[in-house]
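Please read the structure below before turning to the comments.
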Amino acid sequence: MKPIIVRGGGDLATGTIHRLCKSGYPVIVLEDTSPSAIRQKVSFCQAAYEGSMEVEGIVCQKADTFSKALEKVTWKNPMLVIDPKAACLNQYHPNILIDAILAKKNLGTHRGMADLTIALGPGFTAGEDVDYVIETKRGHYLGRRIEKGSAISNTGVPGIIGGYGKERVLHAPCAGRFRRIREIGDWVNAGEAVGFIEQEADKTEVCTEISGVVRGILQDGFVVTEHFKLADVDPRKESRAHCNLISDKARCIAGGVLELVCAWEKGILEKK
């Protein structure tokens, strides 16, 4: 079985990769040199930094080259390769490719890359850029297959959790190097700092507006631009137990992808 190629290994992508692996599909993940996922405990892209990453019993390992990834990949052992431009596809044509970068725009994925191309979220048009799109916005349409048209546009406003939306997410007040002083799972009170931005001799604190659990936080030492997403605070005390678990949103999206892949393999769907 040819491995499915997934561009991106953040938390939503990881939900899909995990579901595919659990369903018997080998997966190779193509990632950037320095991934910026904040939900690091449930993101296979952390293998880019650590060499391997385990999420809910599935271990993703980093390979030095795409050819080595092809040799080692199994449904039990997804592989990650540093290949942000998907250059490996110049020599390898997969049956299925999934763009799960979640960049809110198309970073180069097109229908010629695979027999079946799927994209998660806005920035793609089904039937043009890719064959199908999966909705990623919370709400009634989350996880639904889009056969024509695009996903709901990015509003820039996070989904409501525990009564809070935009207040949950912390962004860089300025450009510089992010230094975190709190870890995923920590409880923080409103007004407390989770880290700071280094700018030569200056330090600018990054403080939370609300009290809650640090659900995600950016890699320490990451160089950021102004307004870059740094952390996510969940106001629900019980969410501490969920920091190492794939989210409900990621699982819903993964279900939509798996349904599509299975239908295509059974001949129910045809390439448009």
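The values are calculated or read from the model by the stated rules, or taken from the named source; none is laboratory data. Small disclaimer: the values here were computed from a predicted structure and weren't measured. A quick note on method: Cβ atoms are made from the backbone with ideal geometry, for glycine too, and the neighbour counts reach across all protein chains shown.
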The residue that is farthest from Val188 (Cα to Cα), considering only those in the range 230-272 that are in contact with a Gly (Cβ under 9 Å, 6 or more places away or on another chain) and basic (Lys, Arg), is Lys272
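Okay, residues lined up against (1) free of Cβ contacts under 8 Å to residues at least 60 places away in the same chain; (2) of a type in the set (Val, Ile, Thr); (3) within 19 Å of Arg182 (Cα to Cα); (4) not in a helix (DSSP H, G or I):
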position: Leu230; (1), (2), (3), (4): no, no, yes, yes
position: Arg240; (1), (2), (3), (4): yes, no, yes, no
position: Ile253; (1), (2), (3), (4): no, yes, no, no
position: Ala263; (1), (2), (3), (4): yes, no, no, no
Practice prompt. Could you tell me whether any residue of the range 158-166 is at pLDDT below 95 and more than 25 Å from Gly195 (Cβ to Cβ)?
Written response: no
Query raised in the report: Would the range 236-243 turn up any residue that is surrounded by fewer than 17 Cβ atoms within 10 Å (Cβ to Cβ), modelled with pLDDT of 95 or more and out of contact with any Leu (no Cβ under 9 Å at 6 or more places or on another chain)?
Result: no
Being closer than 23 Å to Leu12 by Cα and not assigned by TED's automatic domain parsing to the domain that holds Phe124 narrows Asp186, Asp202 down to just Asp186
task: Answer with yes or no whether Ile197 is surrounded by 14 or more Cβ atoms within 10 Å (Cβ to Cβ), at pLDDT 95 or above and under 18 Å from Arg39 (Cα atoms).
output: no
message = Would you confirm whether or not the range 8-30 contains a residue that is more than 25 Å from Asn244 (Cβ to Cβ), in the same structural domain as Thr117 (by TED's automatic domain parsing) and touching a residue at least 40 places away in the same chain (Cβ under 8 Å)?
response = no
If we ask which residues in the range 36-70 are more than 15 Å from Pro3 (Cα to Cα) and touching a residue at least 60 places away in the same chain (Cβ under 8 Å), their number turns out to be 10
Taking the range 155-191 and keeping only residues that are touching a Pro at 6+ places or on another chain (Cβ under 8 Å), closer than 22 Å to His227 by Cβ and loosely packed, with under 15 Cβ neighbours inside 10 Å, one is left with Gly165, Lys166
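Which residue, of Ile146, Ile217, Ile210, is in contact with a Lys or Arg (Cβ under 6 Å, 6 or more places away or on another chain) and among the β-branched types (Val, Ile, Thr)?
Details: Ile146 fails: in contact with a Lys or Arg (Cβ under 6 Å, 6 or more places away or on another chain); Ile210 fails: in contact with a Lys or Arg (Cβ under 6 Å, 6 or more places away or on another chain).
Residue meeting the stated conditions: Ile217.
Matching residues to (1) within 29 Å of Ser153 (Cα to Cα); (2) of a type in the set (Lys, Arg):
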residue: Val42; (1), (2): yes, no
residue: Met53; (1), (2): no, no
residue: Lys76; (1), (2): no, yes
residue: Met79; (1), (2): no, no
residue: Ile82; (1), (2): yes, no
residue: Asn90; (1), (2): no, no
residue: Leu102; (1), (2): yes, no
residue: Thr117; (1), (2): yes, no
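Could you check how many residues of the range 3-41 are among the hydrophobic types (A, V, I, L, M, F, W, C) and part of a helix (DSSP H, G or I)?
Residues that pass the stated criteria total 5.
Could you pull out the residue among Glu209, Glu259 that is more than 25 Å from His18 (Cα to Cα) and either at pLDDT 95 or above or not assigned by TED's automatic domain parsing to the domain that holds Arg19 (or both)?
Only one candidate qualifies: Glu209.
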**Report entry** Condition check for Gln40: of a type outside the set (Val, Ile, Thr), crowded, with 24+ Cβ neighbours inside 10 Å, within 16 Å of the chain's Cα centre (by Cα) and in the same structural domain as Asp131 (by TED's automatic domain parsing)
**Finding:** no
Within the range 208-228, the count of residues that are assigned to a strand (DSSP E or B) and among the hydroxyl-bearing types (Ser, Thr, Tyr) comes to 0
The residue that is farthest from Cys252 (Cα to Cα), considering only those in the range 112-123 that are free of Cβ contacts under 8 Å to residues at least 40 places away in the same chain and out of contact with any Leu (no Cβ under 8 Å at 6 or more places or on another chain), is Gly112
